[in-house]
Amino acid sequence: MKPNYNKSILSVSSSILKHYGIKSNYKSLNELDIILKNNYKNVVFLILDCLGENIINKNLTDKDILKNNVITTVTSVFPPTTAAATTAFHSGLSPYESGWIGWMPYYKEYDRMIELFFGTDFYTGEKIPGFLENNDLNYKTIYEKICKKNTNIKYAKLFPSFEKNGSKTFEELCKKIKIVCENNNQNLISAYWDEPDHTIHHNGTSSKPTKNVIKNINKTIEKLSKELKDTLIIISADHGAIDVKEVYLNEVKEIDKYLSKPPSIESRFVSFFIKEGKQKEFYKSFTTKFKDKYKLYTKQEFIDKHLLGKGKKHSRIDSYLGDYIFISESSLAIRYNVAETNQTPHLADHAGITKDEMVVPVIAIECK
């Protein structure tokens, strides 16, 4: 399922921008525009990582507040993964424009696959000195734009404990939302929580631990909604997930021998750099080995598909992409181990192009 950039998570950002009088290059959501016209004192925008439509349908009932208040669904951007999609929410830019195309793209000047959020080598865990301070992926957030034009708006950013002063539990995050909403200001709050993503990766999309985490999130939001007044809570997700079958390419010698570097970007959206003159041999070996549903594009074929979006291409895009680009349409996920590390196995993942990964809800809870 391809991303629909006329009705994607970028449309959520566009509706929020539109509400505060700022133009966007992407269409807004009519369903959300109508609700925003009620001009609530507090607007809370909460991203729940990996709470795709299929995850809600598997783990909640129609009586649950998260499922009962879905006003529409949209697609994620491509790839449907945290680095690309949360950046799209916060920047109002497609991955093609922002340069955030996945968890660990290749950086030629370091000859490493670098985790964009942390500035570390994905395969060794080594910190890359100066990467975070000097990288060219910084962007102006939609919240900065809103506050610059609307000086009466007070903005608050609330995140988990991996950020300074972040929340250790979802209950703590919601308490902080409540505290902000109870002041006398016109408030705009952006909040993010890294569940159920973490639990889903390690336990699968419909496991008991996954259901318990989602039920607790639902219960906590329901409690919060009853405590707030004159507040609109907008909730969406960066992506969904699918249960996967992982293959470690370092164990597949007839393919690994053609790679000039370990795979990069994601496990279901993979960039392969091939040894010089061995492209045809790699393609033949890969397609012979794997009979699952997937796309294997050349670099130019992939760019021509415009899956990353349109607009002004970020200067990093071309160097991120290797000779071949793999996109999973089934349960197949490509992983890789090097001598320095052992990757933690995942039972579920995302960044492929299935409906379960791509479709996410837009939830609106009006607290009057």
Check your understanding: Of all residues in the range 241-295, which are part of a loop (DSSP other than H, G, I, E, B), under 21 Å from ASP349 (Cβ atoms) and in contact with an Asp or Glu (Cβ under 7 Å, 6 or more places away or on another chain)?
Key -> ALA241, VAL244, SER267, ARG268, LYS293
Point to revise | Residue satisfying condition, being more than 30 Å from THR205 (Cα to Cα) and surrounded by 14 or more Cβ atoms within 10 Å (Cβ to Cβ), within set PHE282, PHE290, PHE302, PHE326 | key: PHE282
Check your understanding: Any residue at all in the range 129-138 that is in contact (Cβ under 8 Å) with a residue 60 or more places away in the chain and farther than 27 Å from ASN187 by Cβ?
Key -> yes
**Study point:** In the range 161-216, residue most open to solvent (accessible area, probe 1.4 Å) [restricted to those that are basic (Lys, Arg) and more than 28 Å from HIS19 (Cα to Cα)]
**Key:** LYS164
Review point. Inside the range 169-183, can you point out the residues that are in a helix (DSSP H, G or I) and either in contact (Cβ under 8 Å) with a residue 12 or more places away in the chain or in contact with a Gly (Cβ under 7 Å, 6 or more places away or on another chain) (or both)?
Key: PHE170, GLU171, LEU173, CYS174, LYS176, ILE177, LYS178, VAL180, CYS181
Practice item. Inspect all residues belonging to the range 268-276 and state whether any of them is modelled with pLDDT of 95 or more, over 30 Å from ILE47 (Cα atoms), of a type in the set (D, E, K, R) and open to solvent by 50 Å² or more (accessible area, probe 1.4 Å). Key: yes
Point to revise | Options ILE114, ILE101, ILE55, ILE71; residue that is touching a strand residue (DSSP E or B) at 6+ places or on another chain (Cβ under 6 Å), among the aliphatic types (A, V, I, L, M) and open to solvent by less than 10 Å² (accessible area, probe 1.4 Å) | key: ILE114
Check your understanding: Since LEU132 meets every condition but one in (1) aliphatic (A, V, I, L, M); (2) within 29 Å of ASP230 (Cβ to Cβ); (3) assigned to a helix (DSSP H, G or I), which condition does it not meet?
Key -> (2)
Check your understanding: Hey, any hits in the range 248-261 for a residue that's out of contact with any Lys or Arg (no Cβ under 8 Å at 6 or more places or on another chain) and open to solvent by less than 20 Å² (accessible area, probe 1.4 Å)?
Key -> no
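The values are calculated or read from the model by the stated rules, or taken from the named source; none is laboratory data. Here the structure is a predicted model, which means the values were calculated and not measured. Every residue, glycine as well, gets a Cβ built from its backbone with ideal geometry; the counts of neighbours run over all protein chains shown. Heavy atoms of the whole protein, side chains included, go into the accessibility calculation; ligands, DNA and RNA do not. Shrake-Rupley method; radii C 1.70, N 1.55, O 1.52, S 1.80 Å.
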